[in-house]
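The values are calculated or read from the model by the stated rules, or taken from the named source; none is laboratory data. Please read these numbers as outputs of a predicted model, since none were measured by experiment. All Cβ positions, glycine included, derive from the backbone under ideal geometry; neighbour counts span all protein chains shown.
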Amino acid sequence: MTVSFTLNGGRVTSAAAAMARLLDVLRDEFDLTGAKEGCGEGECGACTVLLDGDPVCACLVPLGQVEGRTVLSVEGLARGAELAPVQRALLDGGGIQCGACTPGVALSAQAHLERCAQPTRSSVNEALAGNICRCTGYERITRSVLAAAQCEDRCAKSGPDASPSDAPAGAAIEEDLSAADLSKKILIAGGTDLLAAGPAAWDRFRAGGEVLDLSKMRDLRGIGLVAERVEIGAAVTFAELRRHPLVREHLPMLAQVAGLIGSHQIQNRATIGGNMANASPAGDSLPVLLALGAEVVIGDGENERCVPYAQFHTGYRQTVLTAGELILRLSLPLPGEGQHWFLRKVGTRAAQAISKVLLAACFELRDGIVVGARLAAGSVAATPVLLDQAAAVCIGQRPQEELARRAATQARLEVKPMDDLRSSARYRSHVLGRLVRRGIMSLR
């Protein structure tokens, strides 16, 4: 099998294994060493490249998923001998020291400048949150990118050849799930967990058999309104969720949590179905799905069944999925009149943090009285949990300090947090109570 794609403006092919990391192919086969191996887990951003114009971590992209697509590495950013505006700005503004992070920074910045009509300090910092620098302290990097934003030619086509390529445009051809063989050895969508498993896993993938690329399946794509419910395909990425007008209008809490998951590089790859199937109790989207009353449509290519999301997780990293079954899509009800929502994530830092505690809550108020409530929390038990008793305490009550205190106490009794490297059980319990209190007091 060979994979054909556009690389820095030219058509190339590779005979490497479908699960070979794009980072390794770029460096070892094409001698493009600008993308660096930093963490191998998608956290540092040193291996950032642009895939169809979006920043991704090349260490988490299998070669098979770039078939027919366009890859831009830092070597293709300059226009011949002339540096791109963002490269010139980083050089002139002192945004470069050791240089290890610079290729990824330049590409993330380039993508942001092309997408954002009026970049601000805040938007630049968010766009670069997935690019870690140990030298400059970020201020000079941010200032340099803002300076590049003033260049008239900041969005001019990069690469050695500004003319259209003869390579196929867009993503690879979509496939029909009903025709797929679900017994394939390796199933992959975004790969942000699968390829972060380390060298032993990479060797196993390279030696493995066929790959079923779920991101190509039309049955797993798309966001739409069906019978007064929002349906979301399992292979929809978090970047799509945070930008989609239907989600932003009807499910703003889901759009917000999509922006809290990793960096732009991760959001451009990670999928809602992958977050569910991975079944980590720290999965940021999972409490939100519980609070929103989501249902999960599961199938094997021939038959389908619908499961309330509250019944999907059966234990630590365990789900109701049986052999040969996949998550096909989510179905979420439209919010009712008088609904209010509350979302808070507590982590070690503002970006790229694994949750210590996450609370998602939906309240329905009528004449100042709570008539409906769904509270859900993550990272406080073996699975994401609905706080049913805390929600029950709220029904029929006005949001006030006494109610907030009682609901917070009840929430702490419903969870079983653990001690680990990120936090202590005692801290998690305390923070959960404080978040429940804040959620209720936000209704006043």
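A few comments on the model shown:
- If you check Gln389, Gln397 for being surrounded by fewer than 24 Cβ atoms within 10 Å (Cβ to Cβ), out of contact with any strand residue (DSSP E or B) (no Cβ under 9 Å at 6 or more places or on another chain) and either within 28 Å of Val320 (Cβ to Cβ) or touching a residue at least 24 places away in the same chain (Cβ under 8 Å) (or both), only one passes: Gln389.
- Restricting attention to the range 112-123, the residues that are in contact with a helix residue (DSSP H, G or I) (Cβ under 8 Å, 6 or more places away or on another chain), of a type outside the set (Ser, Thr, Tyr) and not in a loop (DSSP other than H, G, I, E, B) total 3.
- Any hit, the range 257-278, residues being among the hydrophobic types (A, V, I, L, M, F, W, C), within 20 Å of Lys356 (Cβ to Cβ), in contact (Cβ under 8 Å) with a residue 40 or more places away in the chain and part of a helix (DSSP H, G or I): yes
- Qualifying residue in the range 10-21 (condition: buried (at least 24 other Cβ atoms within 10 Å of the Cβ), under 20 Å from Pro103 (Cα atoms) and modelled with pLDDT of 95 or more): no
- You will find that of Phe30, Phe5, the residue that is surrounded by 16 or more Cβ atoms within 10 Å (Cβ to Cβ), over 30 Å from Ile354 (Cα atoms), over 20 Å from the mean Cα position of the chain (by Cα) and of a type in the set (Phe, Trp, Tyr) is Phe5 and no other.
- Among the residues listed as Val66, Val74, Val49, the single one being touching a Gly at 6+ places or on another chain (Cβ under 6 Å), of a type in the set (Val, Ile, Thr) and modelled with pLDDT of 95 or more: Val74
- Tally of residues being under 20 Å from Glu114 (Cβ atoms) and free of Cβ contacts under 8 Å to residues at least 12 places away in the same chain across the range 52-90: 2
- Restricting attention to the range 215-256, the residues that are outside any helix (DSSP H, G or I), touching a residue at least 40 places away in the same chain (Cβ under 8 Å) and buried (at least 22 other Cβ atoms within 10 Å of the Cβ) add up to 8.
- In the range 123-145, the residues that are in the same structural domain as Arg242 (by TED's automatic domain parsing) and small (Gly, Ala, Ser) never reach a residue that is surrounded by fewer than 24 Cβ atoms within 10 Å (Cβ to Cβ) and part of a loop (DSSP other than H, G, I, E, B) with C-beta atoms less than 9 angstrom apart, at least six apart or across chains.
- Within the range 400-444, the set of residues being of a type outside the set (Gly, Ala, Ser), under 26 Å from Gln311 (Cβ atoms), at pLDDT 95 or above and surrounded by 15 or more Cβ atoms within 10 Å (Cβ to Cβ) comprises Gln410, Arg412, Glu414, Val415, Arg428, Leu432, Leu435, Val436.
- Flag if Arg269 is more than 26 Å from Ala373 (Cα to Cα), modelled with pLDDT of 95 or more and charged (D, E, K, R): yes
- Residues of the range 328-347 satisfying the condition of being modelled with pLDDT of 95 or more and over 16 Å from Leu290 (Cα atoms): Leu328, Val346
- Some residue of the range 281-291 being touching a Lys or Arg at 6+ places or on another chain (Cβ under 6 Å) and in contact (Cβ under 8 Å) with a residue 40 or more places away in the chain: yes
- For the range 22-43, a residue qualifies if it is at pLDDT 95 or above and of a type outside the set (D, E, K, R), and the qualifying residues are Leu22, Leu23, Val25, Leu26, Phe30, Leu32, Thr33, Gly34, Ala35.
Listed here are the residues, each with its yes/no results for (1) more than 19 Å from Ala381 (Cα to Cα); (2) under 18 Å from the mean Cα position of the chain (by Cα); (3) in the same structural domain as Val236 (by TED's automatic domain parsing).
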{"residue": "Gly259", "(1), (2), (3)": "yes, yes, yes"}
{"residue": "Ser263", "(1), (2), (3)": "yes, yes, yes"}
{"residue": "Ala282", "(1), (2), (3)": "no, yes, yes"}
{"residue": "Val288", "(1), (2), (3)": "no, yes, yes"}
{"residue": "Asn303", "(1), (2), (3)": "yes, no, yes"}
{"residue": "Phe312", "(1), (2), (3)": "no, no, yes"}
{"residue": "Gln318", "(1), (2), (3)": "no, no, yes"}
{"residue": "Leu326", "(1), (2), (3)": "yes, no, yes"}
